[in-house]
1. If residue 321 passes every condition in (1) crowded, with 22+ Cβ neighbours inside 10 Å; (2) at pLDDT 95 or above; (3) within 25 Å of residue 369 (Cα to Cα) but one, which one does it miss?
2. Anything in the range 366-389 that is touching a residue at least 24 places away in the same chain (Cβ under 8 Å), in a helix (DSSP H, G or I) and within 27 Å of the chain's Cα centre (by Cα)? List them, or say none.
3. Taking the conditions exactly as written (touching a Leu at 6+ places or on another chain (Cβ under 8 Å), more than 21 Å from residue 344 (Cβ to Cβ) and at pLDDT below 95), does residue 171 satisfy them or not?
4. With the structure loaded, tell me whether residue 288 is surrounded by 20 or more Cβ atoms within 10 Å (Cβ to Cβ), in a helix (DSSP H, G or I) and among the aliphatic types (A, V, I, L, M) or whether it fails that test.
5. Would you call residue 275 over 24 Å from residue 249 (Cβ atoms) and surrounded by fewer than 18 Cβ atoms within 10 Å (Cβ to Cβ)?
6. Picking from 98, 120, which residue would you name as being touching a strand residue (DSSP E or B) at 6+ places or on another chain (Cβ under 9 Å), open to solvent by 60 Å² or more (accessible area, probe 1.4 Å) and not acidic (Asp, Glu)?
7. For residues that are surrounded by fewer than 17 Cβ atoms within 10 Å (Cβ to Cβ) and not charged (D, E, K, R), tally how many sit in the range 330-357.
8. If residue 132 satisfies every condition in (1) modelled with pLDDT under 90; (2) outside any strand (DSSP E or B); (3) of a type outside the set (Asp, Glu); (4) surrounded by 13 or more Cβ atoms within 10 Å (Cβ to Cβ) but one, which is the exception?
Amino acid sequence: MRHEFENGTLTVFPQGRIDSSNAQAAENEVLAIWNDHPGASLTLDLMDLTYISSAGLRMILRFRKKDPSITLTNASQEVYDIFEMTGFTEMMDIHKAYRQMSVEGCEVLGSGSNGVVYRYNDELVVKVYRNPDVLDEIKQERDLARKALILGIPTAIPFDVVKVGENYASVFELLNAKSFTKLVRENPEDIEHYVRLFADLLKTIHSTEVSPGEMPNGKLVAVDRAKFLKDYLKPEIYEKLVRLTESIPDRHTVIHGDYHTNNVEMQNDEVLLIDMDTLSYGHPILDIAYMYFGYVAFGEIDPSIPEKFFSLPRDLVAKVWDLAIHMYLDSDDEDYVRSVVEKASILTYTRLMRRTIRRDSESDFGKKQIELCRVRLEELVPKYDDLSF
């Protein structure tokens, strides 16, 4: 067998089939190589392995006794399925071989802090994650999407994981689907129809009950963001901000965590929610704050930012937001709508200020952004005694 040794790790490359006819010989060969590298940890690279029987599995268990940290990499889907069915994936570190895809020239449907979503072709959408060490997050997003679908929230579930360059990506089947952003761009005369569907889906999400242990608690994230600003706000503003955030009523209903028209698709007259990695539970004010972030706050200093993000003219970005919040709240009472928006914006400016401090505090733009958030919080926090509606 071909093998490599580097930095204390011995990598051995089995080939073909390992079954009862050759498992003992394969084991002897690996052990002979291993004995030449005393103390080395063992990795089996399975890129050229086409099949493994129970005899081969028992061989790997004996290797595991010798090295509990043994790693198996580049298993084909067929070989990985054998490990998964027999419970080996729960006992040891086993990685699949991921096929490569290219998104060069593909339409960008949306971009966020976690990744970029591309329209790959008429049938497929691909979400490419920025963080290279993201497999656990991909599994969590898939599990959250499944839970949402079971709960009655229409969503697309990723069916495959691939590599795009050095990054991992999830693949979704969205046949001939179009984002609501694209539908508004192509049919501005129908904007009220699409925004009504968009707002109705958000109501469905926010009326869906979930057990707390099934999803993360969105309020805890908001509280952490508020507490981050201790050294950046006046003490009285900071203390009340934390109190307001901590006193948000506990709701065991779903929130999306990144709700906007890039993340809602229309497929054959069915509305589908995508990009589920931020799914959690909490009060609806948290989702309204996320919406305000994308449609309003992030473009206050540079209006071109939401224009580029949504690929919509400035007036349509503003109209989508205005229609969405009024339709969601089912109210023409402007004082009521304004109060809900201002309460949500307190959470928005908290998030934006923390985000900018951590990412861009030294640039002129970043300094303007931080100052804008500080001014907004000093103006809004004293106005309210709670953030519910």
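The values are calculated or read from the model by the stated rules, or taken from the named source; none is laboratory data. Just so it is clear, the model here is predicted, and its values are computed rather than measured. Here Cβ is always computed from backbone atoms with ideal geometry, including for glycine, and neighbour counts include all displayed protein chains. The area values use the complete protein model at the heavy-atom level, side chains included, leaving out ligands, DNA and RNA. Shrake-Rupley method; radii C 1.70, N 1.55, O 1.52, S 1.80 Å.
1. Every condition holds for residue 321 apart from (1).
2. 369, 370, 373
3. Here the answer is yes, as residue 171 does meet what is asked.
4. In short, yes.
5. No, not satisfied.
6. Being touching a strand residue (DSSP E or B) at 6+ places or on another chain (Cβ under 9 Å), open to solvent by 60 Å² or more (accessible area, probe 1.4 Å) and not acidic (Asp, Glu) holds for just one of 98, 120, which is 120.
7. Of the residues in that region, 3 qualify.
8. With respect to (1) modelled with pLDDT under 90; (2) outside any strand (DSSP E or B); (3) of a type outside the set (Asp, Glu); (4) surrounded by 13 or more Cβ atoms within 10 Å (Cβ to Cβ), residue 132 is out only on (4).
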